[in-house]
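Every number here is computed from the coordinates shown, using simple stated rules; none is lab data. Please read these numbers as outputs of a predicted model, since none were measured by experiment. Methodologically, a virtual Cβ is constructed for each residue, glycine included, from the backbone with ideal geometry; neighbour enumeration extends over all protein chains shown.
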Amino acid sequence: MSVLSKESIGFVPSLEALPFFDDHLGKPADCEFSARSSYGSIARDMLVGTLGGGILPWEIFAHEILALPGQRNQWNIPLFPSVCPIELVLQAALYKGLYSRKSATAKKLPPRLVIGIESRSSLTRSQFFAWLMELPVPMRPKIAFQALPMDLMLQAMASEVIDGFVAPAPWGLVAEGMELGIVDGTFTAGAYAQDLVLVSRNELELGKHFKNPGIPEELTLARRKLETDADFLKKCALRMQECGKPLLSADYLERAIRRYKTEPLAPAQTADTAKIGLALRRLEELSSLPPQIAANDRTARLLVSL
């Protein structure tokens, strides 16, 4: 494959991507960020060469790229960015039925729920089931999952095609602000919390740049500044909007930061063989590692940025 002339990094607009738009972070001279509405579209565009890299959940990269023939030695992972909180938003009637003490149907669910998720291979499915099993309900509904781009999740909620969705912050807050549903504050990623990876095609400079040991600290400093400096947040939000749709307003990003400010975030980490090996074994333990991929040091070494 010929060297790409533009080192484009695909990302889904969200709280997790926002720190990358701090000017101090820097990037290769011929690099740009390019917004996508779903992680699946990032994976597809990476495969066909429209994108030279992407920021996406680790298990989605493993299933939709790494497990495919001929892809094992095409990519490297220089960085594990911090993961932002995941939100579950439910249709208002469903939410009120679950939690209203006055309702005769409280603590009961309909016989079937349709829940929007970011990808069929995403750990958000397991996150939802874990949340569901914690509810003291006498009736366990059948669950149908529908993989949708972020913006179409809002449309599906508005038309009541889905009963709720699981997505990175602040997409649940956006739905709540549009009066499409209510964010369930009891929902957490829990044992099925995702790892986020920044992936680069091997022949590009992206991997070398983002493997710089100073990058994780710069991302941490940017996240702290986003929590305290409204003007800085608005500048980063504007830079993110300039990268394409779907668009997120600074207001919703600021609302998410206020809401989750006290939640501890795992710091961004430069990837090495040990870190990638640990991430591989964790996917295996969660039964989310494709059978084509071995959770061993050899696989990890193939993915280390040189």
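Through the Karplus equation 6.51 cos²θ - 1.76 cosθ + 1.60, θ set to phi - 60°, convert the phi angles of segment 261-272 into ³J(HN,Hα) values in whole Hz; use x for Gly and Pro.
For segment 261-272, the Karplus-derived couplings read 4, 7, 7, x, 10, 5, x, 4, 9, 5, 7, 9 Hz, x marking Gly and Pro.
So how much slack lies between residue 143 and residue 278, counting 0.36 nm per residue of separation and subtracting their Cα-Cα distance, in nm?
Result: 45.5 nm gained on full extension.
Per DSSP H run of n ≥ 4, the term is -39500 (n - 2.57); total these for the chain, divide by its residue number, and report the mean residue ellipticity at 222 nm rounded to 500 deg cm²/dmol.
Numbers: 12 runs with 110 residues, N = 306.
Helix contribution divided over all residues of the chain: -10000 deg cm²/dmol.
Can you tell me, using C-alpha contacts under 8 Å and at least 6 residues apart, the relative contact order of the chain as a whole percent?
28 percent
Students often forget the sequence filter, so: which aspartates and glutamates lie under 18 Å Cα-Cα from residue 235 once same-chain residues fewer than 8 apart are removed?
Result set, ordered by chain and number: 16, 22, 23, 32, 218, 227, 251, 254.
What GluC sites (Glu not before Pro) does segment 143-190 have in DSSP loop regions with at most 11 other beta carbons within 10 Å?
The qualifying sites are 160, 179.
Check residue 146: other-chain or 5+ apart residues with amide H under 5 Å from its amide H, H built from backbone geometry?
For residue 146, the qualifying residues are 115, 116, 117.
Running Debye on the chain with equal point scatterers at the Cα sites and no solvent, what base-10 log of I(q)/I(0) appears at q = 0.14, 0.15, 0.17 Å⁻¹?
-1.06, -1.20, -1.49
Taking the Cβ of residue 170 as the center, what net charge do the other residues with Cβ under 10 Å away carry, scoring Lys and Arg +1 and Asp and Glu -1? Don't jump to the answer; show the numbers that get you there.
Working: positive: 255, 259; negative: 87, 176, 251, 254.
Counting the neighbours of residue 170, the net charge comes to -2.
To make sure I understand the rule: partners must be aspartates and glutamates, Cα under 13 Å from the Cα of residue 275, and not fewer than 8 residues away in the same chain. Which ones qualify?
195, 297
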